[in-house]
Amino acid sequence: MSSEPGRRVVVTGATGNVGTSVVRLLSEDPEVGSVLGLARRLPDWSPPKTDWAAVDLAAERPHPVKEFQGADAVVHLAWSFQPTHDPAATWRTNVLGSIRVFQAVAAAGVPVLVHASSVGAYSPGPKGHTVDESWPTHGWPGAAYCREKAYLERVLDTFEREHPEVRVVRMRPAFLFKRQSASEQRRIFGGRFLPGPAARPDLLPFLPAIPGLRVQALHTDDAAEAYRLAVDSGVRGAFNLAAEPPVDAELLGEMFGARPVRLPRTAARSAVAAAWGLRLLPASPHLFDAVLRLPLMDCTRAHTELGWRPHHTSTEVLEEFLLGLRRGEGAETEPMRGRKVG
């Protein structure tokens with residue numbers, strides 16, 4: 001590792017959408033002396049002050065105490081969205097892998113743990129007003145992603161009681177996008193062969209308006225800045241992270257120049273369920289159910305206690321992401337490789 005002074009930070013899931021942004025910002029932070037990125041496959045990318053280690057958190061191996069030794073903070077981002085047809089597999093990776101990370105933090109004596117939770121951890125909530133971090137985090141039980149995020153909230157409740165010496169921060173971001181994540185997210189949610197160039201205004205004469213489809217978005221770099229601030233500051237607890245305005249059919253219609261046309265929830269879900277059942281669509285109908293029920297988040301605590309504000313509006317985020325989708329953009333890590341289809 002680098003001998004430069006400053007904090008030593010370990011980042012799990014360091015080559016994904018959030019990880020690449022967090023590693024980059026930490027490597028540019030004068031308060032950080034070195035960064036160790038953990039990933040299943042080592043990247044070609046070499047940001048300043050950063051070393052890499054190949055670690056598969058899903059493997060049944062001892063928890064990564066060796067990698068965490070001497071760290072001032074661990075930022076835990078590692079997560080697998082697939083395979084949605086095998087929830088036991090994602091449970092092993094996401095839940096059991098995270099528990100091993102938490103155990104390693106305690107065993108190695110790491111004083112700070114910053115964990116990537118999600119808006120998906122929240123119980124169903126309102127679409128007409130926002131909720132703060134006290135809203136229940138029981139998730140939507142039908143969706144594996146939400147079950148896993150909610151379960152880890154309970155695990156961290158116990159962890160904090162048993163290890164009060166560890167400063168635990170839980171980030172609960174909205175849906176995260178950036179230009180370089182376009183190809184990865186297309187593969188994860190839309191399928192490997194979904195043509196990115198189809199995301200063009202002139203190809204969408206109308207836009208389905210599904211009741212309840214009103215969510216929040218955030219630029220991945222803005223979320224990464226909140227993680228960096230959490231490492232540098234003394235805050236504890238949960239923080240909502242989202243940009244304005246909320247995303248709904250009206251906003252998307254303006255972006256695409258398309259007329260919103262009401263589509264019943266049942267019809268939309270049936271289409272998603274059929275495509276998922278035929279393995280044409282990776283995103284499950286259960287996740288679709290959850291998205292329709294997610295609350296809108298109030299980010300006042302992040303603004304006041306972290307001093308965090310997003311630099312991009314949700315409209316700017318989506319415009320950048322759609323441009324990346326059309327161009328097949330990516331980054332210099334295996335999960336983020338660019339690929340243009342169509």
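Provide Rg over Rh for the range 86-163; use the alpha carbon set for both Rg and the Kirkwood Rh (inverse mean inverse pair distance). Working shown, then result.
On the way: Rg = 13.7 Å, Rh = 13.6 Å.
Rg divided by Rh gives 1.01.
Over all distinct alpha-carbon pairs, what is the Kirkwood Rh of the range 125-184 in angstrom? Kindly include the intermediate steps, with their values, before the conclusion.
On the way: mean 1/r = 0.0709 Å⁻¹.
14.1 Å is the Kirkwood radius here.
Would you list which aspartates and glutamates come within 13 Å of Lys49, measuring only between C-alpha atoms, while excluding same-chain residues fewer than 8 positions from it?
Glu4, Glu28, Asp29, Glu31
Only helical DSSP H runs with n ≥ 4 go in: add -39500 (n - 2.57) per run for the chain, normalise by residue count and round the 222 nm mean residue ellipticity to 500 deg cm²/dmol.
Numbers: 11 runs with 110 residues, N = 342.
That calculation yields -9500 deg cm²/dmol at 222 nm.
How big is the antiparallel share of DSSP beta bridges in the chain, given as a percent to the nearest 5?
Of the beta bridges lying entirely in the chain, close to 5 percent run antiparallel.
Quick one: P(r) of the range 1-51 from all Cα-Cα pairs, 10 Å bins, percents rounded to integers, in order of increasing distance.
29, 59, 12
Scan around Ala209 for amide H atoms under 5 Å from its own, H built in the peptide plane at 1.01 Å from N, and keep only partners 5 or more places away or cross-chain.
Correct list: Val261, Arg262, Leu263.
What is the ratio of the Cα radius of gyration of the range 283-323 to 2.2 N^0.38 Å, with N the residue count, to two decimals?
1.58
If the viscosity is 1.567 mPa s and the temperature 4 °C, what translational diffusion coefficient in µm²/s does Stokes-Einstein give for the range 64-106 when Rh comes from Kirkwood over Cα pairs? Provide the component values of the computation, followed by the final result.
Working: Rh = 11.3 Å.
Translational D for this selection: 115 µm²/s.
Jot down the per residue volume, in cubic angstrom and as a whole number, of the convex hull over the alpha-carbon atoms of the chain. Each step should come with its number before you reach the end.
Numbers: hull volume 42.5 nm³, N = 342.
Once divided by residue count, the hull of the chain is 124 Å³.
List the trypsin sites (Lys or Arg not before Pro) within the range 1-77 that fall in a DSSP loop (any state other than H, G, I, E or B) and whose Cβ has at most 15 other Cβ atoms within 10 Å.
On the way: sites: Arg7, Arg8, Arg24, Arg40, Arg41, Lys49, Lys66; in loops: Arg40, Arg41, Lys49.
Passing sites in the range 1-77 are Arg41.
Dividing the convex hull volume of the alpha carbon atoms of the range 87-130 by its residue count, what do you get in Å³ per residue? Before the final figure, lay out each step's value.
Values: hull volume 4.0 nm³, N = 44.
Here the figure is 90 Å³ per residue.
To test your reading of the geometry: what angle, between 0 and 90 degrees and rounded to tens, separates the Cα axis of helix 220-232 from the longest principal axis of the chain?
The angle comes out near 20 degrees.
Nearest 10 degrees, 0 to 90: what angle lies between the long axis of helix 17-28 and the longest principal axis of the chain (Cα atoms)?
Around 40 degrees separate the two axes.
Treat the count of other C-beta atoms within 10 Å as a stand-in for reagent exposure and order Asp298, Asp289, Asp44 from fewest to most.
Ordered by Cβ neighbours within 10 Å, fewest first: Asp44, Asp298, Asp289.
Output wanted: per-residue J couplings in Hz (rounded whole) for the range 135-150, from phi through Karplus 6.51 cos²θ - 1.76 cosθ + 1.60, θ = phi - 60°, x for Gly and Pro.
4, x, 10, 10, x, 9, x, x, 9, 4, 4, 5, 4, 5, 5, 5
Using all C-alpha to C-alpha distances in the range 228-342, build P(r) with 5 Å bins and read off the rounded percent in each one.
Answer for the range 228-342: a P(r) of 2, 9, 11, 13, 18, 21, 14, 7, 4, 1 percent.
List the equivalent ellipsoid semi-axes of the range 1-155 in whole Å, largest first, each obtained as the square root of 5λ for an eigenvalue λ of the Cα gyration tensor. Each step should come with its number before you reach the end.
Values: eigenvalues 158, 65, 43 Å².
Those come to 28, 18, 15 Å.
Under a straight-distance cross-link criterion of Cα-Cα below 18 Å, which aspartates and glutamates are reachable from Lys66, leaving out those fewer than 8 residues away in the same chain?
Counting by Cα, and skipping residues close in sequence, Lys66 has these aspartates and glutamates nearby: Asp51, Asp56.
Values in this text are rule-based calculations from the coordinates and carry no lab data. All values derive from a computational prediction rather than experimental measurement. When we count neighbours, we look across all protein chains shown, and the Cβ atoms used for this are built from the backbone with ideal geometry, even at glycine.
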